[in-house]
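Data block below; observations after.
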Amino acid sequence: MYLNENYVLDVASSVGLLTVEQVDQAKQVVASGNSALPGLLASGELDEQVLAAHVAQQYGYTAVSLGQFQIDLKVCPVITPEIAERYQVVPVQEEMGVLSVVIADPTNFETTDSLAQITGKEVQVFVGYPTEIRNFIEEQYKGASLGVSSFESKGDGVAIDLGVTDVSEEDAPVITLVEGVLSEAFQLKVSDIHIEPLETMIRIRYRLDGKLMEMAQHPKKLLPAIITRLKVMSGTMDIAEKRMPQDGRIQISVNGKPVDLRVSSVPSNHGESIVMRILDKSSLTLGLAEVGMYSDDQEMIQNMLGLPDGVVLVTGPTGSGKTTTLYSCLNQINTPDRKIITVEDPVEYELAGINQVMVREDVGMTFASALRAMLRQAPNIIMVGEIRDAETATIAVNASLTGHLVFSTLHTNDATSAIARLGDIGVKRFLMASALRGVLAQRLVRKLCERCKEPTTLTPKEASELGLDPSQQIYGPSGCAFCRNTGYKGRMAIFEIFKIDDEVRHLINKDLSNAEMRKHARQLGMRTLREDGIRKVLSGETSASEVLSVTMND
């Protein structure tokens, strides 16, 4: 009914809708953990329409009846039946980019904030009558949505086709739910979908610009059907196996184009948890400038890409954009006169003109064995998804010394740490010095929303940690409908490029510690992750807090 019943009761008392005694009795009911308003409305002691009008006035809204609108349920498909039911909201019309919605409860601030995030639009709020809204959702909104037969969700340029045919009446609601989740995810341009079983419900969360946000909750009883549906769609996952982790891949159609989802299921204490990674091939066609690399850094990378041999490493934690950067590099040097082979675990994106090999350890196809076989294919360029062990590292280094340009990733916190990491794996220093051509470390930061970012100044702590003048004007997040009130829209990378020249090779052979190596690299002109981040703060592309959050060790 209303989230803050005590406040609503005070409003009813202040305008004479309830006596002091009635309010006191009702608040005792609320204090016991129950809801008092339904009983007051059912008995006729309260008029719902009059109460809604007064509550709306307190929050600066207008109270309306749904009968005042000619409602088209397609006006905002991203507000699915599940979202409508959770927030008790009905989208009624859209004019000039402004979405009008009728909500039941203006005391729940989460509703208005979440609607702006979900729709990505400017939202005009009206307050309706709770009973009328609830009945409308049950009788018309949900009924119309669950009655679709094409299982294709269209709205704002997003059309999802799950490729499902011969749907039984029993399966239809679950397929519609899965379709709605995917449609909403593509509409919001999220990177991951998390379906998580909790003790009494299922929680749906999306990862948007690197941050998780909760979007919906559903009854726990739907979990087995949802898990089964996703496993069936993958074609390779065992629907009977619930005790072991499984991986799969789902291909769906979005606006007529094939899109892949990487699916991972893991047993948890409340049931199987599913995470779907949306593999967006459009990011692979980005140039180095589009991912955030400035011209001076691009020039250094271009020089490395033009070398005939050697090893180029990209480092950073999981989710720092290493794959996107590697593929951007490969796309630039993918020409008909070069043979490029990759070995990956798994092959996430298919690239035209490039031979891609997937690791399959169950049949003995490890990184090392695949790499040995690749060398017999006479490639010019090799990309190894990740260097994990001494055997793979040694083969990659030896390949670079015999005339191949080798790209790979390594999990280290910064660029210079790659030297120590390769040493720990077992690569000898003299081989490193001969083979390495450069190491690129990177992190992802959120970009400020261009529509609402606003001038601000550094806090004393930010100024101290960034080494800037406290009076320096920068830009900070504000929040609008376009960025879903986060203040950020999209992400970009910050980089640290460790160029391996003759002087650095001499330092590698001296077996310096990482601290000493980093000190010398700085003296030779290496710009750190934080320093590159500062450049992007001063240019107004990201915020000081974003850079500090990802460069804490710098």
If you count only protein heavy atoms and use a 1.4 Å probe, how large is the accessible surface of Val357, to the nearest 10 Å²? 40 Å²
Between Ala289 and Glu450, what is 0.36 nm times their sequence separation minus the Cα-Cα distance? Round to one decimal in nm. 56.2 nm
Expressed as a whole percentage, what fraction of the accessible surface of the chain belongs to carbon and sulfur atoms when a 1.4 Å probe is rolled over the protein heavy atoms? 48 percent
Pull up the cross-link candidates among the lysines for Lys447, meaning alpha carbon to alpha carbon under 17 Å and not fewer than 8 places away within one chain. Lys189, Lys211, Lys489, Lys536
Less than 15 Å Cβ to Cβ from Val92, Lys/Arg counted +1 and Asp/Glu -1: what total charge do the surrounding residues give? -3
Around Met383 (Cβ within 13 Å, Cβ-to-Cβ, excluding Met383; K/R +1, D/E -1) the net charge comes to -1
Starting from the residue with the highest accessible area, list Val29, Val363 in decreasing order, probe 1.4 Å. Val363, Val29
Among the lysines in segment 240-379, how many pairs, 8 or more places apart or on different chains, have alpha carbons under 29 Å apart? 6
Using a 7 Å offset from the Cα along the Cα-to-Cβ direction at both Gln28 and Thr335, what is the distance between the two label points in nm, to one decimal? 8.7 nm
Debye, to nearest 20: dipole size of the chain, +1 on Lys, Arg Cβ, -1 on Asp, Glu Cβ: 2060 debye
Lone cysteines in the chain, defined as no other cysteine's Cβ under 4.7 Å from theirs: which are they? Cys76, Cys329
Can you tally the net charge around Val30? Count Lys and Arg as +1, Asp and Glu as -1, for every other residue whose Cβ sits under 12 Å from the Cβ of Val30. -2
Considering the Cα trace of the chain, what is its radius of gyration and what is Dmax, both in angstroms? 28.3, 91
Per-residue accessible area for Leu3 at 1.4 Å probe radius, Å² rounded to 10? 120 Å²
With the dipole of the chain worked out from charges on the C-beta (+1 for Lys and Arg, -1 for Asp and Glu) around the Cα centre, which of Thr112, Ile534, Phe126 lies farthest toward the positive end? Ile534
Classify segment 457-509 as rounded, prolate or oblate from the Cα gyration tensor: take a ≥ b ≥ c as the square roots of its eigenvalues, call it rounded if a/c is under 1.5, otherwise prolate when a/b beats b/c and oblate if not. oblate
Kindly provide the helix-only [θ] at 222 nm of the chain, computed as the sum of -39,500 (n - 2.57) over DSSP H runs of four or more divided by all residues, to the nearest 500 deg cm²/dmol? -10500 deg cm²/dmol
Please name whichever of Thr315, Leu73, Leu41 sits farthest to the positive end of the charge dipole of the chain, dipole taken about the Cα centre and charges placed at Cβ: Lys and Arg +1, Asp and Glu -1. Thr315
Per DSSP, loop trypsin sites (Lys or Arg not before Pro) in segment 421-516 with at most 14 further Cβ within 10 Å: Lys428, Arg451, Lys510
Counting only protein heavy atoms and leaving out ligands, DNA and RNA, the solvent-accessible surface of Tyr349 at a 1.4 Å probe, in Å² to the nearest 10, equals 20 Å²
Rg/Rg_globular for segment 1-44, with Rg_globular taken as 2.2 N^0.38 Å and Rg from C-alpha atoms: 1.01
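The values are calculated or read from the model by the stated rules, or taken from the named source; none is laboratory data. All figures in this text were calculated on a predicted structure; none of them were measured in a lab. A quick note on method: Cβ atoms are made from the backbone with ideal geometry, for glycine too, and the neighbour counts reach across all protein chains shown. Please note that ligands, DNA and RNA were not included when accessible areas were found on the heavy atoms of the full protein model with its side chains. Shrake-Rupley method; radii C 1.70, N 1.55, O 1.52, S 1.80 Å.
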